[in-house]
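Report on the following structure.
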Amino acid sequence: MASTQHPDSYWLETGNPAPVVPIISGDQKVDVAIIGAGFTGLSAAYHLSRAGIPAIVVEAEDVGWGASGRNGGMLPPRYKKGFASIAKTYGNETTRRLHAIIREAIDTVETIVSDCALDCGFARTGQITAAHSDAHLASLERDCAWMAAEAGDRAARILSRSEMIDEVGADIHVGGWFDPRGAGIHPLNYVRGLAGALRKRGVPIFARSPVRRLVEGPDGVRLELPGGTIAARQVVIATNAYTDTTGFAPDGLERRIVAVNTSVICTNSIGGNRAGAVLPGRRMVADTKHIMNWYRMLPDNCLIFGGRGDITGRSDDPSVYAKLERQLAETFPAIADVGVRHRWSGKIAVTRDDFPHIGRLSPRVAYAMGYGGRGVALANVLGKYLAQLVQGERVDAGPMSANAFDPIPFHAFRIPGMQIVARWYQYLDAKAIREQERSA
Ligand SMILES: Cc1cc2nc3c(=O)[nH]c(=O)nc-3n(C[C@H](O)[C@H](O)[C@H](O)COP(=O)(O)OP(=O)(O)OC[C@H]3O[C@@H](n4cnc5c(N)ncnc54)[C@H](O)[C@@H]3O)c2cc1C
């Protein structure tokens with residue numbers, strides 16, 4: 001049985017027990033073999049199971065061990081770039097498609113939660129994008145205007161500075177963007193619950209079963225694992241930022257993304273009146289900085305607060321958590337003394353165009369990955385699209401299926417490259433905040 005260590009997170013502390021999942025042994029034969037038991041892989045398995053197509057899921061570590069079991073659990077109804085800015089690059093028609101996909105992504109999670117009766121606290125408490133400068137607020141206003149004019153969508157609205165103080169309980173933003181459709185989940189309970197439901201529906205899932213090699217032949221693909229093999233008609237690769245960890249990936253797939261650490265701290269329970277003043281509506285918040293902070297309140301009045309993790313190549317640098325604690329204290333001075341109870345990190349997969357990608361490496365091998373820090377909803381909808389792709393259906397995911405997804409040049413130099421980019425972004429963020437303070 002699988003027993004890989006998960007990070008010491010709030011989710012692990014409060015999570016439901018892990019489903020009992022065996023290690024693969026012997027040789028198996030199946031229509032579709034899915035590599036990776038996170039949101040992408042399990043959503044693909046769920047949708048294939050609904051279509052009556054036999055699938056097997058194999059996971060190198062444990063169900064939800066990757067980003068899916070350790071993220072912020074926030075489902076924002078927007079992409080990293082705003083709709084108005086996406087429309088400038090891709091035009092209104094493509095942007096309307098992207099606008100529909102992001103809503104479908106949250107709906108997909110909601111449908112899975114309800115169909116599988118997942119105990120993961122899914123709630124649409126709304127998403128706030130918090131502007132750190134007037135220029136960023138103006139860009140959010142352009143987004144709202146684009147949504148209303150081009151997509152007939154008037155659900156989102158702009159929040160003034162004083163509304164932000166009421167909504168967030170922090171006085172550091174010039175305004176914000178609010179969309180009531182944004183949602184939150186307990187991500188580990190979602191991924192564990194979904195794996196349990198799939199096993200009950202007869203989908204085999206194997207943990208601590210890393211795929212070491214894919215061998216493509218005329219009749220299918222053979223997956224080689226330490227405990228056995230799988231002969232599959234088709235393969236789905238759903239390994240996202242962990243694609244490089246086991247060296248199995250064909251066609252330089254691991255070089256098409258850059259894996260970047262993201263780190264999180266979780267406070268002790270905030271007692272008394274102070275709890276009511278922080279995010280009283282339980283909104284999900286992410287700010288507009290290049291190196292963004294994001295946060296949400298959890299049911300027992302603990303606050304999780306995340307940001308960019310280590311960029312030195314180390315996996316758990318203590319100075320990253322110290323910086324997050326400083327940022328938390330600057331954002332919410334009234335709870336600066338509450339103390340931190342969990343610190344953890346995970347990897348996100350960054351792409352050149354800031355969009356995830358779905359496609360095929362060959363007629364028998366499909367993939368979806370590259371969500372950046374926005375995969376909770378998107379990985380679920382791309383998992384659904386993967387199930388359609390392997391059934392031979394055409395998938396229109398806008399730039400996610402149309403843009404090139406080639407290996408990134410000079411990938412071997414990604415760590416120094418990321419360090420340079422991160423310093424530039426830190427400079428831009430600090431400059432915008434300084435200018436904002438001067439103009440106030
Ligand atoms: C700290 C953190 C916070 C985040 N917060 C948010 C958020 O609030 N909102 C949001 O939208 N997004 C967030 N994200 C991003 C989001 O979690 C991911 O985009 C999403 O979980 C990706 O899901 P996935 O299934 O594609 O990949 P993963 O969940 O990473 O799963 C990939 C799996 O593949 C397995 N694997 C790798 N190689 C092999 C192999 N050879 N054989 C078998 N298995 C293999 C790995 O062990 C892993 O479990 C966050 C990410 C992190 C790290």
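Can you go through Leu159, Leu137, Leu118 and tell me which one is modelled with pLDDT of 95 or more, open to solvent by 10 Å² or more (accessible area, probe 1.4 Å) and closer than 26 Å to Arg96 by Cβ?
Residue meeting the stated conditions: Leu137.
So which residues in the range 252-286 are more than 11 Å from the ligand (Cβ to nearest atom), modelled with pLDDT under 95 and assigned to a strand (DSSP E or B), if there are any at all?
Result: Val258, single match.
With Ile128, Ile101, Ile86, Ile106 as the choices, which residue is within 11 Å of the ligand (Cβ to nearest atom), in contact with a helix residue (DSSP H, G or I) (Cβ under 8 Å, 6 or more places away or on another chain) and β-branched (Val, Ile, Thr)?
Matching residue, one of Ile128, Ile101, Ile86, Ile106: Ile106.
Working only within the range 335-353, note down all residues that are within 12 Å of the ligand (Cβ to nearest atom) and either outside any strand (DSSP E or B) or closer than 21 Å to Gly398 by Cα (or both).
Residues satisfying the conditions are Ala349, Val350, Thr351.
For the range 180-200, which residues satisfy the criterion of being away from the ligand (no atom under 12 Å from the Cβ) and in contact with a Lys or Arg (Cβ under 7 Å, 6 or more places away or on another chain)?
The answer is Pro180, Arg181.
So which of Gly227, Gly220, Gly176 is among the small types (Gly, Ala, Ser) and outside the structural domain of Gly370 (by TED's automatic domain parsing)?
Sole residue among the options that is among the small types (Gly, Ala, Ser) and outside the structural domain of Gly370 (by TED's automatic domain parsing): Gly176.
Looking at Arg97, is it farther than 30 Å from Asp219 by Cα, of a type in the set (Lys, Arg) and either under 18 Å from the mean Cα position of the chain (by Cα) or assigned to a strand (DSSP E or B) (or both)?
no
Any chance you could count how many residues in the range 55-65 are within 6 Å of the ligand (Cβ to nearest atom) and within 16 Å of Asp8 (Cβ to Cβ)?
Of the residues in the range 55-65, 2 are within 6 Å of the ligand (Cβ to nearest atom) and within 16 Å of Asp8 (Cβ to Cβ).
Collect the residues in the range 179-201 that are in contact with a strand residue (DSSP E or B) (Cβ under 8 Å, 6 or more places away or on another chain) and either among the charged types (D, E, K, R) or closer than 16 Å to Ser68 by Cα (or both), keeping them in residue-number order.
Hits for the range 179-201 are Asp179, Arg181, Ala183, Gly184, Ile185, Ala195, Arg199.
(1) away from the ligand (no atom under 15 Å from the Cβ); (2) assigned by TED's automatic domain parsing to the domain that holds Thr331; (3) surrounded by fewer than 24 Cβ atoms within 10 Å (Cβ to Cβ): which one isn't true of Val203, the others all being true?
With (1) away from the ligand (no atom under 15 Å from the Cβ); (2) assigned by TED's automatic domain parsing to the domain that holds Thr331; (3) surrounded by fewer than 24 Cβ atoms within 10 Å (Cβ to Cβ) applied to Val203, the lone miss is (2).
With the condition kept exactly as written, say whether any residue in the range 392-409 is at pLDDT 95 or above, acidic (Asp, Glu) and surrounded by fewer than 22 Cβ atoms within 10 Å (Cβ to Cβ).
yes
Report, ordered by the first and then the second residue, all pairs with beta carbons closer than 6 Å, sequence separation of six or more or different chains, a first member in the range 23-39 that is not assigned by TED's automatic domain parsing to the domain that holds Ala232, and a second member that is near the ligand (Cβ under 10 Å from one of its atoms).
none
What do you reckon, is Gly307 more than 16 Å from the ligand (Cβ to nearest atom) and open to solvent by less than 40 Å² (accessible area, probe 1.4 Å)?
When the stated conditions are applied, Gly307 does not pass them.
Across the range 71-111, what is the total count of residues that are surrounded by 23 or more Cβ atoms within 10 Å (Cβ to Cβ), farther than 30 Å from Gly121 by Cβ and in contact (Cβ under 8 Å) with a residue 40 or more places away in the chain?
Adding up the residues that qualify gives 1.
Given (1) in contact with a helix residue (DSSP H, G or I) (Cβ under 6 Å, 6 or more places away or on another chain); (2) at pLDDT 95 or above; (3) part of a loop (DSSP other than H, G, I, E, B), identify the lone condition not met by His6.
Result: His6 passes all but (2).
Results for (1) within 16 Å of Ile291 (Cα to Cα); (2) crowded, with 16+ Cβ neighbours inside 10 Å; (3) of a type in the set (S, T, N, Q), shown as yes or no for each residue.
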| position | (1), (2), (3) |
| --- | --- |
| Trp344 | no, yes, no |
| Asp354 | yes, no, no |
| Arg364 | no, yes, no |
| Tyr367 | no, yes, no |
| Gly373 | yes, yes, no |
| Tyr427 | yes, no, no |
| Glu435 | no, no, no |
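Let me confirm something: among Thr89, Thr108, which residue is outside the structural domain of Ala366 (by TED's automatic domain parsing), over 17 Å from Val381 (Cβ atoms) and either part of a helix (DSSP H, G or I) or of a type in the set (Gly, Ala, Ser) (or both)?
Just one listed residue meets the conditions, Thr89.
Before we move on, is Ala67 farther than 16 Å from Arg192 by Cα and touching a residue at least 24 places away in the same chain (Cβ under 8 Å)?
Criteria not met by Ala67.
The values are calculated or read from the model by the stated rules, or taken from the named source; none is laboratory data. Owing to the predicted nature of the structure, the values given are computational and were not obtained by experimental measurement. Cβ sites come from the backbone with ideal geometry, for glycine too, and all protein chains shown count toward neighbours. These accessible areas exclude ligands, DNA and RNA; they are computed on the full protein's heavy atoms, side chains included. Shrake-Rupley method; radii C 1.70, N 1.55, O 1.52, S 1.80 Å.
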